[in-house]
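Bear in mind that the values in this text are calculations on the coordinates, not laboratory data. Predicted, not measured: the structure shown is a model, and the values here were computed from it. Heads up, the Cβs are rebuilt from the backbone with ideal geometry, glycines too, and the neighbour counts pull from every protein chain shown.
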Amino acid sequence: MQNDEEYLKLLERAYILLPETATITVRFVPPKIKSQIQGKNTVILNISEVSKLINRDADLLVKYLLKELATSGMFDGNHLILKGNFRQEQIQRKFENFLYDYVICPSCGKPDTKLIKEGRIFLLKCDACGSRNPIGLAKFARKITEGKIKEGDILKVYISRLNEQGDGIAEHSGYTVIIPGAKDGEVVKVKVKKIENNKIYAEIIERQKV
Ligand SMILES: [Zn+2]
């Protein structure tokens with residue numbers, strides 16, 4: 001290297017040549033809800049732990065779960081005791097919906113967001129991409145599309161994990177979308193091939209740069 005200036009120029013050029021995705025290093029894995037059925041109740045053991053991980057108020061998450069599971073409950077600051085029996089997967093699905101409504105940035109799919117209030121509107125402000133979106137957008141979309149998605153529809157989804165077969169898994173409008181060949185953490189446009197109960201089988205038609 002002849003001098004510092006030349007080195008910096010070289011670095012700059014190398015950075016420009018990097019594909020946009022090369023700057024993404026950490027992938028978001030939704031935390032797992034731990035629950036236990038006790039008699040007529042269900043106890044969620046890690047509400048405060050999980051709330052800290054997603055950087056949201058535990059009370060907000062509790063309120064959401066009670067409403068979505070249509071039950072009452074008691075939160076002692078640590079455990080949430082729900083009236084009635086609920087399977088872990090059932091609670092996990094509601095929790096992941098919460099992530100899409102209140103945590104994950106709809107623009108870039110990352111969870112590094114803050115809830116801010118502007119006038120009477122709550123916004124999701126993303127530290128990763130800088131975008132601001134009103135909360136409740138995802139929820140609204142889910143409400144109007146529930147039961148209305150059909151074969152051949154095109155969806156835009158965020159791959160939040162892979163299943164045991166290595167297929168990409170996304171949550172959309174209350175459905176679990178299974179997409180062979182999709183990579184963890186990417187945003188893809190997919191075509192719906194088959195719908196079974198709450199599962200959608202889909203194929204990639206376009207990959208999106210994040
Ligand atoms: Zn973002």
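Each Lys or Arg adds one and each Asp or Glu subtracts one; over the other residues with Cβ under 12 Å from the Cβ of LEU45, this totals 0.
Among 177-184, 29-36, the peptide with the highest mean count of other Cβ atoms within 10 Å heads the list, and the full ranking is 177-184, 29-36. What the pair-distance distribution of the stretch 35-102 shows, using all Cα-Cα distances binned every 10 Å from zero, is 22, 62, 16, 0 percent. Of the peptides 79-86, 149-156, the ranking by mean beta-carbon count within 10 Å, highest at the top, reads 79-86, 149-156. Listed values for the stretch 184-198 are Karplus-derived 3J(HN,Hα) couplings in whole Hz (6.51 cos²θ - 1.76 cosθ + 1.60, θ = phi - 60°), namely 3, x, 9, 9, 10, 8, 10, 10, 6, 9, 8, 10, 9, 6, 9, and x replaces Gly and Pro. For the stretch 35-102, a simple Cβ point-charge model (Lys and Arg +1, Asp and Glu -1, everything else neutral) yields a dipole of about 200 debye relative to the Cα centre. Summing Lys and Arg as +1 and Asp and Glu as -1 over all other residues whose Cβ lies under 15 Å from the Cβ of ILE116 gives a net charge of +2. Round to a whole angstrom and tell me the spacing of the C-alpha centers of the stretch 175-198 and the stretch 61-131. Going from one Cα centre to the other spans 22 Å. Building the convex hull from the alpha-carbon atoms of the stretch 90-139 and averaging its projection over directions returns 3.4 nm². Here the 3J(HN,Hα) profile of the stretch 69-74, calculated from phi with Karplus coefficients 6.51, -1.76 and 1.60 at θ = phi - 60°, is 8, 6, 9, 10, x, 10 Hz, Gly and Pro shown as x. With 13 Å as the cut-off, how large is the P(r) tail for the stretch 148-210, expressed as percent of Cα-Cα pairs? Counting every Cα pair in the stretch 148-210, those more than 13 Å apart make up 53 percent. Taking H placed 1.01 Å from N in the peptide plane, check which residues at least 5 places from ILE200 or on another chain put their amide H under 5 Å from its amide H. Amide H to amide H, under 5 Å and 5 or more residues apart or across chains, ILE200 pairs with THR176, VAL177, ILE178.
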